[in-house]
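Worksheet: one structure, shown below.
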């Protein structure tokens, strides 16, 4: 019975009909069309100094011999200079470095060859056409090299996800997180949890098998229960932190808000380093929400420019104000912008009372909405800044015109976004909803296990009578 429960718990990381969270598939999975030999341009599209073309599959060696002279294969994993020729006409294509990676010591686990050719479009096109003429070769589908690496146990599923994130990383924080996941840190964490659970179940099995043996130490079940409780706590901590990992992958939502003519659009253009929004001295220029992805101090963010918040406007601008208020409710971070030279105006005072001060108050869930108050147009202030409001909350002075104060704002943004997105250097983060789903499944199964350990199993219906639970645990 206990061994059966261990099977259920160990499979909980899958969920119904889905692969395990951090497993390497190995020989248990065969990619569609994996018997064919594939080829593709592995480096980026476009003109470059060197382009890399890769093959993978049983005919890789034949393809290498067909295009090169002399025809013998080079030493494994040693770069060799060869003349490439079209196997149909014998016409020279390029003089290139070629490499031979016999499986399983290759990226995909299969025989692989690489052609490092000059990156002109005509050269790349000619080599690809020549490979297409070799019998048994076909162009690779998108992601097929990585899929084969997964199929042959060269990469786990989380490492595949890390590789995809690394390719698409646009900020320093995303790069660090993706590289740590590609290096297997999330997989190592999951395997550590599995080892803890294995030890706990070993104590339980020892108690059942040898409970009447005088040599068995006392408190074995209590020790197992304690280990499972610690594991539940660890899983819970990572689940509660999962939203930060998702923000790191997709970007935190940063909303720029304030009264008309405070300089919101100028700030958006300054932070995005491009003219995203129209800047005009006429109030109400921005009427809809303008969004742009940006790199803020090394963190990804979706920056939203909103309509100036004011009353007594026409129906079009009123709709813009309504949308701005909706964005404020959804924001991860608010950049509240005020005109430093016009703090006593009704619009500024109303914005302070309705947005800035409430954001600092605790919500019903006990948290505070993150907000940075930016006083723009500091270049218009007289020396000594004597006209600033004495009751202003903590704020940053900035001039979008001169750039003075920008470094301080970026440093404050870095601190806020690090808290929102997490610090990749502190450990692996859960960056996908799939990770959360499987860990929640593990927690549910651990709850069943701990009830069994504490002798409460008889108070529960038999697990086999719960098709829904069985389906969730991957046993249906």
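We did not get these values from a lab; they are worked out from the coordinates using the rules stated. What you see is a predicted model, and the numbers here were worked out from it, not measured in a lab. Reconstructed Cβ throughout: ideal geometry from the backbone, glycine too, with neighbour counts over all protein chains shown.
Structural remarks
- When each of the peptides 179-191, 55-67 is scored by how many other beta carbons lie within 10 Å of its residues on average, the order from highest to lowest is 55-67, 179-191.
- Estimated FRET transfer efficiency (residue 288, residue 392; beta-carbon r; R0 30 Å; 0.05): 0.50
- Ratio of Rg to Rh for region 85-209: 1.19 [Cα atoms; Kirkwood radius as inverse mean 1/r over pairs].
- Centre-to-centre separation between the Cα atoms of region 408-437 and those of region 75-121: 41 Å.
- Taking packing as the residue-averaged number of other Cβ atoms within 10 angstrom, the listed peptides 346-356, 87-97 run from highest to lowest as 346-356, 87-97.
- Relative to one another, the C-alpha centroids of region 134-169 and region 313-337 are positioned 43 Å apart.
- In region 35-151, the ratio of gyration radius to Kirkwood radius, Rg to Rh, stands at 0.93 when only Cα atoms are counted.
- Fully extended contour minus Cα-Cα distance, from residue 250 to residue 411, at 0.36 nm per residue: 55.9 nm
- Peptide packing for 239-247, 406-414 was compared via the average number of neighbouring C-beta atoms within 10 Å per residue; ordered from the highest value, the list is 239-247, 406-414.
- Spatial separation of Cα centroids for region 172-190 and region 229-305, in angstrom: 24 Å
- Rounded to two decimals, the Cα-based Rg/Rh of region 250-421, with Kirkwood Rh, is 0.93.
- Working note: Debye formula, equal point scatterers on the alpha-carbon atoms of region 132-265, no solvent; log10 I(q)/I(0) at q = 0.09, 0.16, 0.21 Å⁻¹ is -0.54, -0.96, -1.21.
- Cα pair count fraction exceeding 22 Å, expressed as % - region 272-358: 29 percent
- Residue separation of residue 77 and residue 205 scaled by 0.36 nm, minus their Cα-Cα distance, works out to 41.2 nm of gained length.
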